[in-house]
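The values are calculated or read from the model by the stated rules, or taken from the named source; none is laboratory data. None of these values were measured; they are calculated from a predicted model. FYI the Cβ positions are ideal-geometry reconstructions off the backbone, even for glycines, and counts take in every protein chain you see. Side chains are part of the model used for accessible areas, which takes the heavy atoms of the whole protein and leaves out ligands, DNA and RNA. Shrake-Rupley method; radii C 1.70, N 1.55, O 1.52, S 1.80 Å.
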Amino acid sequence: MPSQPILLVHGGAWAIPDDMVEAHLHGVRNAAEAGWRVLECGGSALDAIEAAVLVMEDDETFDAGCGSFLTRDGRVQLDALMMDGRTLRAGGVGCVEHIRNPILAARKILEESPHVYLVAQGAEAFAQEHGIELCSNAELVLPREIERLKQAQEKESSGEKHAIFASPAVSHDTVGAVARDRDGSIAAATSTGGTLNKTPGRVGDSSLLGCGCYADNESAACSTTGWGEPMMKLVLAKWAADQVLAGGDPARVASDAIHYLHRRLHGHGGLILLDAKGRFGLAHNTPRMAWAVRTAEKQDHGIKIESTPALQPLP
Ligand code: GLY
């Protein structure tokens, strides 16, 4: 008997301002629909998450693809990862500056490279050799982001060093998706421009296996969003998958993972989590997170942006 397909996406966890709510809802809804179209035609979880993330990379609302945050020296540097829970194959890119859709390069690495992770010029050369057209970095830079960078650097020079990373109010619009297909396989993908005013060469959690993204049919598929450094230190996506493997329900585990992130490192962000039985959870400790869920029954997609309940200590 075929499994019921399911797809979850997220489009960032932070204090999304009221005037940006509609753009975020629109973005995650479009992404969920793109991924769902693949699943309902019998496509794989991997194809579905690629389709969903592609839509959000192309949407300037999000910190992924065009419209991403800028490095300290005013460039876009992108990270992305995808992982197949059936085979445990994975593909990631870091610090790419000339690829409009890094998720496509990550997929090529997953499918066609003996390696798991390529960075910078090496990743770009591999992408180009595999049919992905390169673009100029300037094409990925928006005037909105030049202004944002200027403001962040003014704050920094007035003494607010690092505060721009560590506040849950600051934009963390990393995008991601997890899905289960009709064969009961799960997969996860995450894509980001990283943090505002980052040091050139910085790689965050999003494209690191087990940190910003993980998938294993025996445990769960997870994609995270938020302040990357604490998530990296806790290897948070793998932590969540391991809790599911140990018997945890994904809804509960998602919430526990965010509590763990906060308790250990005062980290903030959100995640989506899905197991091969189709059980899922999502949680965040930022004022808002953009997300969508799509199943055959949920025609309204379950899209919403909600306030987070106050953090409670773990029992
Ligand atoms: N979670 C995105 C980043 O920190 O790069």
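At-a-glance table
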read-out: Test result for VAL93, farther than 30 Å from SER219 by Cα, under 17 Å from the mean Cα position of the chain (by Cα) and modelled with pLDDT of 95 or more; value: no
read-out: Segments classed as strands (runs of 3 or more DSSP E), wholly inside segment 125-224, with at least 3 members that are open to solvent by less than 10 Å² (accessible area, probe 1.4 Å) and of a type outside the set (Ser, Thr, Tyr); value: 175-180, 186-192
read-out: Flag for ALA246 being away from the ligand (no atom under 16 Å from the Cβ), open to solvent by 50 Å² or more (accessible area, probe 1.4 Å) and at negative phi; value: yes
read-out: Residues that are over 15 Å from ALA106 (Cα atoms) and within 10 Å of the ligand (Cβ to nearest atom), drawn from segment 175-195; value: GLY194, THR195
read-out: Members of segment 225-243 that are more than 24 Å from PRO287 (Cβ to Cβ) and open to solvent by less than 10 Å² (accessible area, probe 1.4 Å); value: ALA241
read-out: Meets criteria (surrounded by 15 or more Cβ atoms within 10 Å (Cβ to Cβ), aliphatic (A, V, I, L, M) and within 25 Å of GLU229 (Cβ to Cβ)) for LEU110; value: no
read-out: Only one of VAL28, VAL38, VAL9 that is of a type outside the set (Lys, Arg), away from the ligand (no atom under 16 Å from the Cβ) and within 14 Å of the chain's Cα centre (by Cα); value: VAL28
read-out: Some residue of segment 36-46 being at pLDDT below 95, in contact with a helix residue (DSSP H, G or I) (Cβ under 7 Å, 6 or more places away or on another chain) and crowded, with 16+ Cβ neighbours inside 10 Å; value: no
read-out: Members of segment 1-60 found to be closer than 21 Å to SER171 by Cα and among the polar types (S, T, N, Q), listed by number; value: ASN30
